[in-house]
1. Considering only residues that are part of a strand (DSSP E or B) and among the β-branched types (Val, Ile, Thr), look in region 108-140 and name the one that is farthest from Glu69 (Cα to Cα).
2. Looking at region 89-112, which of the residues that are without any contact (Cβ under 8 Å) to a residue 60 or more places away in the chain and more than 26 Å from Arg42 (Cα to Cα) is surrounded by the most Cβ atoms within 10 Å (Cβ to Cβ)?
3. Being in a loop (DSSP other than H, G, I, E, B) and more than 14 Å from Ile142 (Cα to Cα) is the filter here, so list the residues in region 73-107 that pass it.
4. Do you know which residues across region 42-72 are more than 16 Å from the chain's Cα centre (by Cα) and not in a strand (DSSP E or B)?
5. For Ala87, state whether it is closer than 18 Å to Pro57 by Cβ and in contact with a strand residue (DSSP E or B) (Cβ under 6 Å, 6 or more places away or on another chain).
6. Within region 25-53, which residues are polar (S, T, N, Q) and loosely packed, with under 15 Cβ neighbours inside 10 Å?
7. Quick one: in region 1-29, which of the residues that are within 12 Å of Lys146 (Cβ to Cβ) and polar (S, T, N, Q) is modelled with the lowest pLDDT?
Amino acid sequence: MILKTYETDGQIGHFEGYASVFNTVDRGNDLILPGAFTRSLRERGAGGVKFLWQHDPKEPMGILDELREDARGLYVRGRLILDVERAREAYRLLDAGALDGLSIGFHTLKSKQRADGVRLLQEVDLWEISLVTFPMNELARISSFKTDFITAVDDTAFVAGLRHLTALMAPSDRNSAGGHLNLKKERHT
């Protein structure tokens, strides 16, 4: 379940979660070990890893601000670029709770096979993280998403508020200085 926080500081569309969780066998029979991302993160950093829609390189939709390994896995913090149509669609899906999966794109650099057939990934070259419908690692999810607290605007109330603010900012007749436009109150019916 995504924990939604409502926006108050201009960070609408920001998210955090885990793109990979260590020591968990995924749907592809892979298990990523702690330390597997260390070299890649040191060499590439968050800025060198792309944030995509469903692993499609033609569909970038955001920026990754922080990537790091911790005891649980590969922690990610980023933001959707809401000027991009696909990111706006993703925003709406995240806000509704219809989408929350994360998945990684990488090249395997070092691995070994366990007796039960599970591939142990010891070192990988991480090059992208995607927002996906079905993550390979079922624990790889967005856990927090910042959404706008205003979901609809009443146009009539908005226009009335703008008129009120305009009236407050207009100079009054008795305090007007020369050269300023005197506004007369008009009555609309």
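The values are calculated or read from the model by the stated rules, or taken from the named source; none is laboratory data. Because the structure is a prediction, the values reported are computed rather than measured. Glycine gets a Cβ as well: all are built from the backbone with ideal geometry, and neighbour counts include every protein chain shown.
1. Applying the first criterion (part of a strand (DSSP E or B)) to region 108-140 yields 108-113, 119-132.
Next, from what is left, pick out any that are among the β-branched types (Val, Ile, Thr): 108, 124, 129, 132.
Working: Thr108: 17, Val124: 13, Ile129: 14, Val132: 21 Å.
Among residues in region 108-140 that are part of a strand (DSSP E or B) and among the β-branched types (Val, Ile, Thr), the one farthest from Glu69 (Cα to Cα) is Val132.
2. Only one residue tops the list, namely Ala90.
3. Taking region 73-107 as the starting set, the residues that turn out to be in a loop (DSSP other than H, G, I, E, B) are 81-84, 97-100.
The answer is Ile81, Leu82, Asp83, Val84.
4. Answer for region 42-72, where residues must be more than 16 Å from the chain's Cα centre (by Cα) and not in a strand (DSSP E or B): Arg42, Glu43, Arg44, Gly45, Gly48, Asp70, Ala71, Arg72.
5. Working: closer than 18 Å to Pro57 by Cβ: yes; in contact with a strand residue (DSSP E or B) (Cβ under 6 Å, 6 or more places away or on another chain): yes.
When the stated conditions are applied, Ala87 passes them.
6. Taking region 25-53 first, the residues polar (S, T, N, Q) are 29, 38, 40.
Result: Asn29, Thr38.
7. Keep residues of region 1-29 that are within 12 Å of Lys146 (Cβ to Cβ), which gives 2-16.
Of the ones still in play, those that are also polar (S, T, N, Q) are 5, 8, 11.
Details: Thr5: 44, Thr8: 37, Gln11: 54.
The residue in question is Thr8.
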